1. When only DSSP loop residues count, what chymotrypsin sites (Phe, Trp or Tyr not before Pro) in the stretch 440-479 have their Cβ near at most 13 other Cβ atoms within 10 Å?
2. Calculate how steeply helix 332-351 sits against the longest principal axis of the alpha-carbon atoms of the chain, using the helix alpha-carbon long axis, and give the answer as 0 to 90 degrees to the nearest 10.
3. Name the residue farthest towards the positive end of the dipole of the chain from the options LEU356, THR30, LEU417, assuming +1 on Cβ of Lys and Arg, -1 on Cβ of Asp and Glu, about the Cα centre.
4. How much length would be gained if the chain were fully extended between THR444 and ARG318, taking 0.36 nm per residue of separation minus their Cα-Cα distance, in nm to one decimal?
5. In nm, to one decimal, how far is the modelled label at LYS53 from the one at GLU41, with both set 7 Å along Cα→Cβ?
6. Between GLU380 and SER293, what length in nm is gained on full extension when 0.36 nm per residue of separation is reduced by their alpha carbon distance?
7. Under the classification rounded if a/c is under 1.5, otherwise prolate if a/b is larger than b/c and oblate if not, where does the stretch 46-186 fall, given a ≥ b ≥ c as square roots of the Cα gyration tensor eigenvalues?
8. ASN77: net charge of surrounding residues, Cβ under 12 Å, Lys/Arg +1, Asp/Glu -1, itself excluded?
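The values are calculated or read from the model by the stated rules, or taken from the named source; none is laboratory data. Only a predicted model underlies this, so the values are computations on that prediction, with no experimental measurement involved. Because the Cβ atoms are built from the backbone with ideal geometry, glycine has one as well, and the counts that use them run over all protein chains shown. Only protein heavy atoms, including side chains, enter the accessible area calculation; ligands, DNA and RNA are left aside. Shrake-Rupley method; radii C 1.70, N 1.55, O 1.52, S 1.80 Å.
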Amino acid sequence: AWKMKRKKNLLKKKSKTHKKMVEEEKNDITIEYKSKNSLNEEQTKKVWAELDKMINRSSPYAHDNLKKMVKEGTQGNIKEFLMKTMKVLIIGAGGLGCDLLKNLAMSGFKDIHIIDMDTIDTSNLNRQFLFREADVDKPKSHVAAAFVANRVADVNIVAHNCAIQEYDSEFYMQFNLVVCGLDSIQARRWINSQLVSIAQNYEKVIPMIDGGTEGFKGQARMIIPGHTACFECTMDLFTPQEEYQLCTLANIPRQPHHCVAFAKIKLWGETTNKKTQDGVLIKDGVDIDSDNSAHIQWLYEVALKRANDYGIKGVTYRFTQGVIKHIIPAIASTNAIIASACTNEALKYATAMAGLIDNYMTYAGDEGINTYTYAPTKKEECPVCSEDAPPKEIKVNGTMTLRDFMDYLNEEPSLQLKKPIISFYDDDENRKIVYDLTTPQYSTITNSQLDKPIQDIFESYEHLYVLDAIVFADVTLILQVEFNEVHMSN
């Protein structure tokens with residue numbers, strides 16, 4: 001993906017409007033957008049007057065570095081660093097990401113990258129204010145970057161339309177700060193592990209500001225690799241996704257999401273020759289693609305019929321899409337509050353105008369306007385930020401099949417593995433594959449032993465080495481598996 005990078009200064013082509021630019025270049029992975037507006041000296045002084053007030057004089061809240069620079073008269077270097085040297089990466093161009101991009105660009109950050117793999121949906125328009133109806137189905141990162149570059153003077157924004165996993169450590173090492181506006185736990189885990197790995201292997205510390213919102217609630221935190229608790233240290237703060245008992249879904253559905261879940265879990269796999277009311281035929285044997293409108297449409301139609309059979313109201317296309325994609329409810333005002341908190345931390349980090357948050361702020365808008373801040377403790381056993389972390393101990397039934405074991409690793413809140421490669425070493429130090437569906441030569445081995453008891457594949461107290469490129473970057477998780485029950489064969 002890095003070799004496919006193509007930079008184009010589109011905004012210098014005056015004959016093209018913002019809308020036409022994005023439409024013509026929407027398939028490019030990476031595009032550079034430079035502001036065509038530039039401020040003269042008098043305008044610059046007026047626009048940044050308030051920023052100058054904060055960095056040209058000391059205060060009781062200022063960092064010692066700023067106090068020293070003010071005393072020496074060298075505080076002008078701070079503004080130059082902010083506007084000419086500081087390079088920031090924003091991950092996510094959704095509701096929170098739009099606010100972050102606008103805030104950072106208007107706070108003095110001039111060199112910004114933004115990365116997002118999604119395209120704009122009609123449902124985004126009520127809160128993701130950088131998008132318009134004409135932008136539907138276009139890359140979020142490209143449209144957001146073009147919009148802000150067209151409105152804010154002297155800013156340079158590079159938009160990436162891809163997954164964060166498509167870039168390696170060399171790409172991320174160019175940044176001074178990473179700001180996340182994600183709704184995905186696994187994406188947060190991945191970028192967290194990437195930045196920790198860079199700190200450990202290259203001795204470059206890149207802070208990560210993480211923001212998140214859900215309804216009227218939100219949080220903002222500052223993670224400094226090697227100094228504060230990393231994201232993986234606090235995985236137990238995130239509740240597992242809601243699970244449904246199949247008997248409830250099949251026999252006594254009571255709520256609209258029961259009907260959608262039944263269509264997803266039961267009917268999708270059992271129904272052949274699936275066809276929407278519009279006549280779109282869906283190929284048998286394919287997994288549900290939450291970004292495929294035909295898949296969502298079929299699930300909606302089936303769920304609606306079941307809801308009508310049981311007198312349940314509330315099943316709509318948008319509701320079905322939300323259940324399938326695990327869409328987190330978003331409120332524009334909450335996004336604005338959390339984005340402001342994240343921008344505040346970014347500005348404090350870049351200018352030393354005040355001390356950093358320490359280091360996890362939670363906001364509960366449904367209970368008032370007060371916030372609560374505390375400092376999570378680093379975990380000595382954290383597999384990501386602890387260089388001497390012991391193997392993670394788990395106890396399972398030795399008679400469970402490999403298929404069930406993999407389901408356990410996926411559902412266990414502290415693990416939540418997605419596409420792991422698992423192996424161990426025998427007494428002769430030969431590597432043995434337990435599970436690997438990502439590599440063709442090993443997928444046959446994996447499929448042949450999915451229904452075998454794990455006690456027939458590896459021994460109790462065995463050390464399993466786990467790689468998961470979706471969840472971890474440059475991190476090997478070591479599991480020590482103890483069998484609490486085995487079957488003694490004759």
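1. When the chymotrypsin sites (Phe, Trp or Tyr not before Pro) of the stretch 440-479 are filtered for loop state and at most 13 Cβ neighbours within 10 Å, TYR461 remain.
2. Value to nearest ten degrees: 60.
3. Of the candidates, THR30 comes out farthest on the positive side.
4. 41.4 nm
5. A separation of 2.4 nm, rounded to one decimal place.
6. My answer for the length gained is 26.8 nm.
7. Because a/c hits 1.5 or more and a/b exceeds b/c, the stretch 46-186 counts as prolate.
8. Around ASN77, the charge tally is +1.
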